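Student: My questions will all concern the structure given below.
What follows is calculated from the coordinates using simple rules that are stated; it is not laboratory data. Note that the structure is predicted; figures quoted are calculated from it, not measured. Reconstructed Cβ throughout: ideal geometry from the backbone, glycine too, with neighbour counts over all protein chains shown.
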Amino acid sequence: MATINLLPWREEYRQQEKNKFLKIGALVLVAALAVVFLWDRVISARLDNQVSRNQLLQQEVAKLDKQVGEISELKRRKQDMLERMEVIQSLQANRPDIVRIFDELVRATPEGVFLVELRRVGEAISITGYAESNNRVSSFMRNLDASYKFVEPNLTRVVANDTLGAQGNRFELRVQVTRPETMVKQEPGA
């Protein structure tokens, strides 16, 4: 039988398969590296995009925070302005109040009573005066109590004084002044 040496052919076939395997391995490695590189580029691009979006959002949030600060400052100024307007309106409403107080005081003062001093502290008025008799002081207090402008007359001191006669007195009393809102609320029910 003839002997055929297939060894070099097998060796050559193995070498070809080995080269083929190495080439395929190198191609797979290059492809894997390319995929990893592209994946890294895509992720980096997305991260850069997200970072730029975050910076834009932070800038917009800073602008909005500034606007919110301006709005709150405007609200504070508006509240201050409304409070000032309310004070001015209350002053305007109470402006004729002193005239009404004096007018009612004149109407409530009976003949024979002379007032020498008036002091107003808040809504309370201290009155000092002279009367011809105790009856005149009582009448004055009843008139004050019946007035729409005054409430709670309180006699604090009565001293005999002969300035207006033998039965004359020097008196001090306090009375509360009603507020205009109270007057408005009481008028419809009266």
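Student: As a test of the formula, what do you get for the chain when each DSSP H run with n ≥ 4 contributes -39,500 (n - 2.57) and the sum is divided by the residue count, at 222 nm and rounded to the nearest 500 deg cm²/dmol?
Tutor: For the chain, the value works out to -23500 deg cm²/dmol.
Student: If I stretch the segment between Arg46 and Asn19 completely, what's the gain in nm (0.36 nm per residue apart, minus their alpha carbon distance), one decimal?
Tutor: 5.8 nm
Student: What number does the chain give for Rg over Rh if you use C-alpha atoms and the Kirkwood radius?
Tutor: Taking Rh as the inverse mean 1/r over Cα pairs, Rg/Rh reads 1.95.
Student: Quote the FRET efficiency, to the nearest 0.05, computed for Ala166 versus Arg142 with a Förster distance R0 of 25 Å and r equal to the Cβ-Cβ distance.
Tutor: With R0 = 25 Å, the Cβ-Cβ based efficiency is 0.60.
Student: So, one more: Report, in degrees rounded to the nearest 10, the 0 to 90 angle that the Cα long axis of helix 180-189 makes with the longest principal axis of the chain.
Tutor: So the inclination is approximately 70 degrees.
Student: Another question, then. Taking R0 as 25 Å, what's the FRET efficiency between Glu86 and Val121 from their Cβ-Cβ distance, rounded to 0.05?
Tutor: 0.65
Student: What are the extents of the Cα atoms of segment 75-176 along their three principal axes, listed from largest to smallest and rounded to whole Å?
Tutor: 67, 20, 19
Student: If you don't mind, another one. Under 11 Å from a point 7 Å along the Cα-to-Cβ line of Gln79: which residues of segment 39-65 have their amide N that close?
Tutor: Those under the cut-off are none; the list is empty.
Student: What is the helix-to-structure angle for 97-108, meaning the angle in degrees between its Cα long axis and the longest Cα principal axis of the chain, kept from 0 to 90 and rounded to the nearest 10?
Tutor: It works out to around 30 degrees.
Student: With the calculation restricted to Cα positions, what are the radius of gyration and Dmax of segment 50-103 in angstrom?
Tutor: Every Cα atom of segment 50-103 included, Rg and Dmax give 23.2, 78 Å.
Student: Compute the Rg/Rh shape ratio of segment 17-95: radius of gyration over Kirkwood radius, all on alpha-carbon atoms.
Tutor: We get a ratio of 1.76 for segment 17-95.
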